[in-house]
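What follows draws every value from the coordinates through simple rules; no lab data is involved. Quick caveat, the model's predicted, so the values are computed rather than measured. Please note: Cβ atoms are built from the backbone with ideal geometry, for glycine as well, and neighbour counts cover all protein chains shown.
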Protein chains: 2
Amino acid sequence: MPLTPPYYAVIFISTLGEDTAGYAEMAERMLELARLQPGFLGIESAREETGITVSFWEDLESIRQWRDQSEHRIAQELGQSKWYRSYELHIARVERYKRFPDRY
Amino acid sequence: MPLTPPYYAVIFISTLGEDTAGYAEMAERMLELARLQPGFLGIESAREETGITVSFWEDLESIRQWRDQSEHRIAQELGQSKWYRSYELHIARVERYKRFPDRY
């Protein structure tokens, strides 16, 4: 996905606790839902000990709408009460974009 | 690491090719070196099929210095010629930061 700045990134870095029942299914469902949101540009995810998910959005309003999406709200609450040991969230305005190779 | 915006994030998303000889050692060495750079605030990394590394920096000048660091230059060249199938790089100004739990 070649992107043209400015756009926004939500960087979500997390560690899971011991009870991960239902987590993978919910994470998968949230990926599906995010893709349907207005202003969605892309999402990448990887987990080892730490999990990193970066989603890209047209503007801050799209991010707000995604934060407030009803099913996502429930996931956020379950995340805090059940799955996450810790997380940090960075919301950032992307100013430069580069890719290799330059043409796919 | 509690952070106070504004600061900068370098989001590096990559896929590896078939020849990964020497890659893990170089990646480890680059983590060590980045931590020694002026303006370095933190780094997180995870790889499954896709690898995501997010590093945090005080300002764009710190990012330029890290980009131009001599040993890092060599790693970048080896990355393009040998290890990476593809990558994308997003340089972003972080405007909001949140963490859970709020106190560790």
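One table, with the values for the structure above:
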| read-out | value |
| --- | --- |
| Averaged over A:84-90, number of beta-carbon atoms from partner chains that fall within 10 Å | 6 |
| Label 7 Å beyond Cα on the Cβ vector: A:Glu58 copy-to-copy distances, nm | 3.8 |
| Charge sum, other residues only, whose C-beta stays under 13 Å from A:Glu48's C-beta, Lys/Arg counted +1 and Asp/Glu -1 | -2 |
| Average partner coverage of B:46-53, which counts Cβ from other chains inside 10 Å | 5 |
| Radius 14 Å from Cβ of B:Glu32, net charge of other residues (Lys, Arg +1; Asp, Glu -1) | -1 |
| C-alpha long axis of helix A:23-36 to longest principal axis of chain A, angle in ° | 30 |
| Length released on extending from A:Thr15 to A:Leu31, taking residue separation times 0.36 nm less the Cα-Cα span | 4.0 nm |
| Integer Hz, Karplus 6.51/-1.76/1.60 couplings in order for segment A:47-55, x for Gly and Pro | 9, 10, 5, 9, x, 10, 10, 10, 10 |
| Inter-chain Cβ neighbour average for residues A:28-40, partner chain, 10 Å | 0 |
| Reachable lysines, given that their alpha-carbon falls under 28 Å from the alpha-carbon of A:Lys82 and they are not under 8 places away in the same chain | B:Lys98 |
| Between segment A:7-47 and segment B:2-73, the Cα center-to-center distance that results, in Å | 22 |
| Electrostatic dipole magnitude of chain B [Cβ: Lys, Arg +1; Asp, Glu -1; Cα centre; debye, to 20] | 340 |
| Using a 7 Å Cα-to-Cβ projection, A:Leu31 label spacings across copies, nm, ascending | 2.3 |
| Two-site FRET efficiency, A:Glu48 against A:Glu71, from Cβ-Cβ distance with R₀ of 30 Å, rounded to 0.05 | 0.65 |
| Label geometry 7 Å along the beta-carbon vector: B:Ile74 inter-copy distances in nm | 5.5 |
